[in-house]
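See below for the structure under consideration.
Computed from the coordinates by the stated procedures, all read-outs in this text should not be read as laboratory data. From a predicted model like this one, the values you see are computed outputs, not experimental measurements. Here Cβ is always computed from backbone atoms with ideal geometry, including for glycine, and neighbour counts include all displayed protein chains.
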Amino acid sequence: MRIFDPHIHMSSRTTDDYEAMYAAGVRALVEPAFWLGQPRTSPQSFLDYFDALLGWEPFRAAQYGIAHHCTIALNPKEANDPRCAPVLDELPRYLVKDGVVAVGEIGYDSMTPAEDAALAAQLELAAEHALPALVHTPHRDKPAGLRRTLDVVAESRLSVERVLVDHLNETTVEEARDSGAWLGFSVYPDTKMDEHRMVAVLKEYGPERVLVNSAADWGRSDPLKTRKVGEAMLAAGFGEDDVDLVLWRNPVAFYGLSGRLALEVAAPASLHEGNSVLRGGE
């Protein structure tokens, strides 16, 4: 089983997770820019973070045979903080980098006017840079959040066929599918979707344009949930081709819209800017 996790926050995970993911079949991933849990206090803190997504994390992933890509954006939650908004002016110089395969995560957290403005501005950046967009739907009042998201996308220059609408569930999947967007589902131990609900959605709506991710971060989450979804699909009677479509070919097709996917992992360097993944010497 080959796996491409299209949404996982490896900056919050350990090298043990990389090792376990490789053993489970993960060979590629996308790490979207997101909030740190504690508010950032200036645009400069975003820049160091973006640099890590483009440097240290691909280096770290390569030690374990995994191709690392990222998406870059001002995330919805921090779009409400006026101290963070100026980072929008810094995004264009990051969106031209080879490792950036989409603009994201963008979208909604609390559905505020500030989030409206940040979403519209970043959809425009995606259109300007010929990149797809990874859109975060809110964890509260999902149907209203999805409709508001699709309205803003429709008003933008970015085609909905280049948008991945993430954090969907049973209340939003049909409308998202009918819009023509790609469909993203986050599978968590306690919240969002689980593997059995995910299988039920796949049985009802099919595997086309569906991407399943672990969205693993600093909270209680599981970077092996993609593998567990694949196993649950097989147990429910799906074929290996369906599993491969959901866990590999669909994420490759969506992020391939960027023209920047590099799925072959070169032999890793021993150092990144003079630093090793080893602490305390060889």
Pairs over 27 Å Cα to Cα, from LYS192/LYS228; LYS77/LYS228; LYS77/LYS192, come to LYS77/LYS228
The exposure ranking of PHE46, PHE59, fewest beta-carbon neighbours within 10 Å first, is PHE59, PHE46
Extension length gain for THR171 and THR41 (0.36 nm per residue less Cα distance), in nm, is 43.3 nm
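Please state the shape class of the stretch 3-258: rounded when a/c is under 1.5, otherwise prolate if a/b exceeds b/c and oblate if not, all from the C-alpha gyration tensor. Mind showing how you got there, number by number?
Working: a/c = 1.63, a/b = 1.20, b/c = 1.36.
Verdict is oblate for the stretch 3-258.
How big is the charge dipole of the chain about its Cα centre, in debye rounded to the nearest 20, if each Lys and Arg gets +1 on its Cβ and each Asp and Glu gets -1 on its Cβ? Numbers along the way, then the final one.
Details: 27 positive and 43 negative charges, 24 e Å.
Charge dipole of the chain: 120 debye, to the nearest 20.
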A correct Karplus calculation of ³J(HN,Hα) over the stretch 239-249, with 6.51 cos²θ - 1.76 cosθ + 1.60, θ = phi - 60°, whole Hz and x for Gly and Pro, returns x, 4, 5, 5, 4, 5, 4, 6, 8, 9, 5
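Just the number, please: percent antiparallel of the DSSP beta bridges in the chain, rounded to the nearest 5. Could you put the intermediate results ahead of the total?
Values: 2 of 27 bridges.
Taking every DSSP beta bridge with both residues in the chain, the antiparallel ones total about 5 percent.
Would you compute, from DSSP H runs of 4+ residues alone, the mean residue ellipticity of the chain at 222 nm, taking -39500 (n - 2.57) per run and dividing by the full residue count, rounded to the nearest 500? Let's see the in-between values first.
On the way: 11 runs with 104 residues, N = 282.
One gets -10500 deg cm²/dmol as the mean residue ellipticity at 222 nm.
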Expected unfolding gain across ASN80-SER110 under the 0.36 nm per residue rule, minus the alpha-carbon gap, is 9.9 nm
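If you place +1 on the Cβ of every Lys and Arg and -1 on the Cβ of every Asp and Glu, how big does the dipole about the Cα centre of the stretch 205-282 come out, in debye to the nearest 20? Mind dumping the intermediate values first?
Working: 8 positive and 11 negative charges, 52 e Å.
It comes to approximately 240 debye.
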